[in-house]
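Reading through the structure tokens given below for one structure.
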Amino acid sequence: FFGPDAPGRRAIDPSGRAFKQMTKALAPEVREFNLAGQSADTAVGQRLAKMSIAAWLDSVDASPVLRARLRAFRGFFLADPEDLSMLPLVEQFAEWGTPGRDRMYRLRDGNDRLATTMARRLRGTLRLKTIVRALTQDAGGVRVTVEDKDGTRSEIEARFFVCAMPATTARAVRFAPQLPDQQARAIGSLRYGCATRLLMQFEHRFWRRTGRPSAFGTDLPIGAVWDGNEQQPGPAILSFLAGGRASAELRELLEAEGEQGIVERLRWLGEPGRPIASRTVVWDSDPWVGGGYAYFDPSFDPQLRPWLARPFGRIVFAGEHTSVKWQGYMNGAVESGIRAAAEIGALAKQA
């Protein structure tokens, strides 16, 4: 963590003390949640779900240090303490304990290999730049109304349909018959976090020091920062994820001060040098997602969460937002796809 210490001075804390402070502060809530079987469908779960992190911080008269550390979690949950429910935070600490202790993995040669490899293995034609407009199902199958990039509409017939669209996109699809009320409410009320990704390439890893982590949380507008290609030789890449309100703050900083404004805010890592390349991706502006990934705010009813993944006739649902254990992660997206395949297998045997 990089942020203020008790006297208010900004410094790198590589000891994990920040997470340990959170663990101690959250201990009463975690204990109650464990007593409730870690279930959101309980009085304890309902209370946590309806309370924002900011409200909880006020209720425990939290120190400025703890407030800064929890604001840094917007680089993880993509939501600020004012907007994020206490439930996912308590779930995180109840399920996994103090974060940052597990091993992390990467796909060799980049994450895009996951999609491109699947595409090569598909039988049939992969249709890109095609919009799903309507799903009509009956006892015999599903008719999918799609629109090509030139506006032409056509229909595809299938036995089953996997809806792996984000909830923001699925809201615009017409379902016939209509989705059950609880499922429509779950999809309609799920929020997606604002997220801006910035990649900056430098000639050398000025941030590398013996014993220093390669990833940092911070409450600064630059968001979370980590080494984006630590296994590769040559030019080094710093990856930034500005979530929640930091998404707009980072873009405003880039517009006002350019790359140099970012460089000046990295001097706590060392002498940055000159960036040789950069790229910015604004997930908020992507019309097919409308944000980075899903998060749960205090207005989302946790009893609706299972409905995000519940099959509806011959339509099954997948995507990170439907995963319970890995919501927000690539792991969750992959896991949900495997589950959806298993569900289609079960439905096919019943047909």
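Summary table below
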{"read-out": "Cα-based helix-to-principal-axis angle, 112-121 vs the chain, degrees rounded to 10", "value": "20 degrees"}
{"read-out": "Label of the coordinate-derived value, percent of Cα pairs over 29 Å apart, listed as (i) 47; (ii) 38; (iii) 53", "value": "(i)"}
{"read-out": "Under 28 Å from LYS24, Cα to Cα: lysines that are on another chain or at least 8 residues apart", "value": "LYS50, LYS325"}
{"read-out": "Angstrom value of the Kirkwood radius, inverse mean 1/r, which spans all Cα pairs in the stretch 286-351", "value": "12.9 Å"}
{"read-out": "Cα centroid of the stretch 173-211 to Cα centroid of the stretch 105-124, whole Å", "value": "20 Å"}
{"read-out": "GNM top mover of PHE19, PHE206, PHE161 - the chain, alpha-carbon springs below 10 Å", "value": "PHE206"}
{"read-out": "Eligible aspartates and glutamates near LYS20 by straight Cα distance, threshold 19 Å, same-chain separation 8 or greater", "value": "ASP5, GLU29, GLU32, ASP61, GLU91, GLU95, ASP102, ASP219"}
{"read-out": "Gain in span if fully extended, ASP181 to GLU95, counting 0.36 nm per residue against the direct Cα distance", "value": "27.9 nm"}
{"read-out": "Lysines whose Cα lies under 16 Å from that of LYS149, excluding same-chain neighbours fewer than 8 positions away", "value": "LYS129"}
{"read-out": "Alpha carbon convex hull of the stretch 21-160, volume per residue in cubic angstrom", "value": "220 Å³"}
{"read-out": "Inter-label distance, nm, simple model (7 Å from Cα along the C-beta direction), ALA351/VAL324", "value": "2.7 nm"}
{"read-out": "Rounded tilt (10° steps) of 86-96 against the dominant C-alpha axis of the chain", "value": "80 degrees"}
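Each reported figure results from applying straightforward, stated rules to the coordinates on display, with no laboratory input. None of the values given here were measured: they were computed from a predicted structure. Every residue, glycine among them, receives a Cβ derived from its backbone with ideal geometry; neighbour counts consider all protein chains shown.
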